[in-house]
Amino acid sequence: MSNIKITLPDGSVREYPQGSSSMDIALSISEGLARNVLAAKVNGQVWDATRPIDTDANLQLLTWNDTDGKATFWHSSAHLLAEAIEALYPGTKFGIGPAIETGFYYDIDLGGKPFSQEDFKKVEDKMLELARQKSEYKRTSVSKADAIEYFTEKADEYKLELIDGLEDGQITFYSQGNFTDLCRGPHIPNTGFIKAIKIMNVAGAYWRGDEKRPMLTRVYAVTFPKQKELDDYLHVLEEAKRRDHRKLGKELELFTFSEKVGAGLPLWLPKGALLRERLESFLRRAQVRAGYSPVVTPHIGSKQLYVTSGHWEKYGKDSFQPIHTPEEGEEFMLKPMNCPHHCEIYKARPRSYRELPLRLAEFGTVYRYEQSGELHGLTRVRGFTQDDAHIFCRNDQVKDEFKRVIDLVQYVFRSLGFENYSAQISLRDPAKPEKYFGTDEDWNRAESAIIEASAEKGLNTVTELGEAAFYGPKLDFMVRDALGRKWQLGTIQVDYQLPQRFDLEYMGSDGTKHRPVMIHRAPFGSLERFIAILIENTAGNFPLWLSPDQIAVLPISEKYMDYANDIFLQLQEADVRGYVDHRDEKIGRKIRDAEVHKLPYMLIVGDKEQAEGTISVRRKGHPDMGSMKLEDFVTYFKTEIQSGIATFGA
């Protein structure tokens, strides 16, 4: 038997007997490593760790710490869930059971039997019992005829329908314990890796998402290799509920939704509008320093504008449908993006190389038709505002401009407390050229500029094929919040296609016309989504400079209302934001309500304060600060603001 060459992620090459598995290779490196291997990437494809390797290959061993390792663990757990359900509810039929970002689910047909929270513990216990048997996940290739025969005997029409869409010679079964499933894999070595199990909830799901097909029971669950990890996960979920921006948005009176206005169309209340305004002002100042010029464009545009840009061809079905006017043949669209409008601004007059780079910035509201089932608070809406800008530059300026935008994005994240982030370089999929506009030459130049700029800025990056926009590659910033959840926020994109489609030009130093390159960028991304994540990251405790209301003046009774109003007027003169609580409520209730609304400072006034011309100061999360002269508090407050600005860079 000949040897094969295995190239490891560090570039080292080792030789092993042909037919060695990834687990064999892991054991040759370290027994400790082998104990943690869940699967492997062989030449970029995820395989079972026990599957033989017959040719030279690049190999990456996958553990729980790898996204693909975790997905394999959860998909294997879905099979364990199915085995437990089949044992407890004989005759159950099975749809699909994929891994998802938060665990896995399995769609099942219980033949009319009920399944609810009362059943969760019973299924969890059965899963743990089966897991402790350490049953191997065994892969078997089967013919289409044999696969049909097997599931015909089980009378499982769902699996038979799935088999019907598969080609003979490409069908595999996986078995563990007493359960066999149609599956292409991969799976973990055995069920013993699964140590902690929690069924999260059940829901109805139409077979294959078709409302005309049978309604199945979708069982959602999550598993972990250690009980502590499950305990930590459940704690994070509870904390996430406490921080949910929809809950806090209501409590803090930031935004609301109305059925009459329409699903996915947020209404910003006064305090939320103030928060937006502060964020916009913060970025506007940063953009002025970085050489951007503000522009404003309409909320609608001619359909032809988006035909020219290519957005209609790619996204027309997902947009709001065209608006027809009384003029025959005249069609407009709610603006789904700002870039075509900015191209027309660039084209408004002839441009010279001396004007480049030209940086046009706009807080532009756009509209996209999200399916109603996908709407979620402020994170998925149908109308949202992008902190959009487009930089028109020469070829030789692309990399430097890209690096300047990276600096701006990092400044925004640092200013608002997002320190834990990575960057994803999103490139085209070379196997699907039909998805993209433009020449290989343009794409190669754009991708090289992003890769080089990211490396020179020292970014922690991952590369994903197939995630580029249809007109160019991009750099997406993935932020982890206080609970460790990952969000895609800022984005920077290099585009050679729109300047060509809009026939944009500039007069070069050589006296001939040239085509500019376009860089799209949005540090916040969607302002709505950014605010949702900011609310949850801070639990609504915004930095003092950003807080919509910074103080509440709380008179102990109506007797001290005039004094409270006078104090507040002086605070307004000092540019301190807040309000006087005029309600006829006891002071304890006023204090509790101010705490619920997360007011940074409460200024309490009563008989002693009015007589002495002072205020009693309470700072959120700190001991009472006692009585202070108003001018001393304002001096202290301004120092705190400046300290916060220095800390957050705002």
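Once label points are set 7 Å from the Cα along Cα→Cβ at both SER30 and LYS5, what is their separation, rounded to one decimal in nm?
With each label point 7 Å from Cα toward Cβ, the separation is 2.6 nm.
What whole number of Å gives the distance from the Cα centroid of region 528-551 to the Cα centroid of region 92-126?
The two parts, judged by their Cα centres, are 38 Å apart.
For the chain, what does the relative contact order come out to in percent, with C-alpha contacts under 8 Å and a separation of six or more?
9
Would you kindly derive the ³J(HN,Hα) couplings of region 457-468 from the backbone phi angles with the Karplus curve 6.51 cos²θ - 1.76 cosθ + 1.60 (θ = phi - 60°), listing them in order in whole Hz, with x for Gly and Pro?
Here the 3J(HN,Hα) series is 8, x, 6, 7, 10, 10, 10, 10, 7, x, 9, 5 Hz.
Please give the length that would be gained between LYS486 and ASP510 if that part of the chain were fully extended, namely 0.36 nm times their separation in residues minus their C-alpha to C-alpha distance (nm, one decimal).
3.9 nm
Hey, could you grab the Kirkwood Rh for region 438-580? Inverse mean 1/r over distinct alpha carbon pairs, Å, one decimal.
About 19.9 Å, per the Kirkwood formula over Cα pairs.
Any idea what angle helix 398-415 forms with the longest principal axis of the chain, computed on alpha-carbon atoms, 0 to 90 degrees, nearest 10?
70
Going 7 Å from the Cα of LEU267 toward and past its Cβ, which residues in region 343-378 have a backbone nitrogen under 17 Å from where you end up?
377-378
Quick one: if the Förster radius is 25 Å, what FRET efficiency do ASP125 and LYS228 give, using the C-beta to C-beta distance and rounding to 0.05?
Given R0 = 25 Å and the Cβ-Cβ separation, E is 0.80.
Using every pair of alpha-carbon atoms in region 551-648, split the distances into 10 Å bins beginning at 0 and state the percent of pairs per bin, rounded to integers.
The distribution over region 551-648 is 16, 53, 27, 4, 0, given as percents.
Under the Karplus relation 6.51 cos²θ - 1.76 cosθ + 1.60, θ = phi - 60°, what is the ordered set of whole-Hz ³J(HN,Hα) values for region 419-431, x standing for Gly and Pro?
With the stated coefficients, region 419-431 comes to 9, 9, 8, 10, 10, 10, 7, 9, 10, 6, 8, x, 7 Hz.
What are the principal axis extents of the Cα atoms in region 293-368, in Å, biggest first?
42, 24, 22
R0 = 41 Å: FRET efficiency of LYS260 with GLN45, Cβ-based, nearest 0.05?
About 0.20, to the nearest 0.05.
Considering Cα pairs under 8 angstrom that are at least six residues apart, work out the relative contact order of region 3-63 and quote it in whole percent.
Relative CO of region 3-63 lands at 40 percent.
Per DSSP H run of at least 4 residues, take -39500 (n - 2.57); add these up for the chain, divide by its residues and hand me the 222 nm value, nearest 500 deg cm²/dmol.
-11000 deg cm²/dmol
Extending each Cα 7 Å along its Cβ direction at LYS241 and ASP164, get the distance between those two points in nm, one decimal.
Between LYS241 and ASP164, the label points sit 4.2 nm apart.
Using only Cα atoms, locate the centre of region 171-208 and the centre of region 358-419, then give the distance between them in Å, rounded to an integer.
39
Which of the GluC sites (Glu not before Pro) found in region 262-356 are loop residues per DSSP with 14 or fewer other Cβ atoms within 10 Å of their Cβ?
GLU327, GLU328, GLU330
Just flag the GluC sites (Glu not before Pro) in region 1-108 sitting in loop per DSSP whose Cβ has no more than 15 other Cβ atoms within 10 Å.
Sparse-neighbourhood loop GluC sites (Glu not before Pro): GLU101.
R0 = 35 Å: FRET efficiency of SER422 with GLN570, Cβ-based, nearest 0.05?
0.15
Where Lys and Arg each count +1 and Asp and Glu each count -1, what net charge lies around LYS620 among other residues with Cβ under 11 Å from its Cβ?
Taking every other residue near LYS620 into account, the sum is +2.
Taking the chain as the reference, fit the longest principal axis to its C-alpha atoms, fit the long axis of helix 227-243 to the helix C-alpha atoms, and give the angle between the two in degrees, 0 to 90, nearest 10.
The angle comes out near 30 degrees.
Report the net charge of residues surrounding PHE418, where surrounding means a beta-carbon distance below 11 angstrom and charges are Lys +1, Arg +1, Asp -1, Glu -1.
Spelling it out: positives minus negatives among the neighbours equals 0.
PRE reach from ASN444 (point 7 Å along Cα→Cβ): which of region 497-515 fall under 18 Å by backbone N?
497
What are the semi-axes of the equivalent ellipsoid for region 164-253, taken as the square roots of 5 times the Cα gyration tensor eigenvalues, largest first, in whole Å?
Rounded to whole Å, the semi-axes are 34, 23, 11.
Mind listing the phi-derived Karplus ³J(HN,Hα) values for region 366-374, rounded to whole Hz, using 6.51, -1.76 and 1.60 with θ = phi - 60°, and x for any glycine or proline?
10, 9, 9, 7, 8, 4, 4, x, 9
Take ASN178 and ILE323, extend 7 Å from each Cα along the Cα→Cβ direction, and tell me the distance between the two endpoints in nm.
6.4
Roughly speaking, what is the stretch gain from LYS586 to ASN58, that is 0.36 nm per residue apart minus the C-alpha to C-alpha distance, in nm to one decimal?
Difference between extended and current length: 183.0 nm.
What is the distance in Å between the Cα centres of region 240-290 and region 568-597?
21
Sorted by mean Cβ packing within 10 Å, highest first, what order do the peptides 172-178, 481-487 take?
The densest-packed peptide leads the list: 172-178, 481-487.
Mean separation of Cα pairs under 8 Å and 6+ residues apart, divided by the residue count of region 471-536: what relative contact order is that in percent?
Taking the mean separation of contacting Cα pairs over the length of region 471-536, I get 30 percent.
Does region 3-63 classify as rounded, prolate or oblate by the C-alpha gyration tensor (a ≥ b ≥ c root eigenvalues; a/c under 1.5 gives rounded; else a/b over b/c gives prolate, otherwise oblate)?
Rounded shape, in that the Cα axes give a/c under 1.5.
Could you state the angle between the C-alpha long axis of helix 527-538 and the longest principal axis of the C-alpha atoms of the chain, as a value from 0 to 90 degrees rounded to the nearest 10?
90
Please list 394-400, 110-116 highest first by mean number of surrounding beta-carbon atoms within 10 Å per residue.
394-400, 110-116
Over all directions, the average projected area of the alpha-carbon convex hull for region 281-538 comes to how many nm²?
It is 15.1 nm².
Each reported figure results from applying straightforward, stated rules to the coordinates on display, with no laboratory input. Bear in mind the structure is a predicted one, so any value in this text is a computation, not a measurement. All Cβ positions, glycine included, derive from the backbone under ideal geometry; neighbour counts span all protein chains shown.
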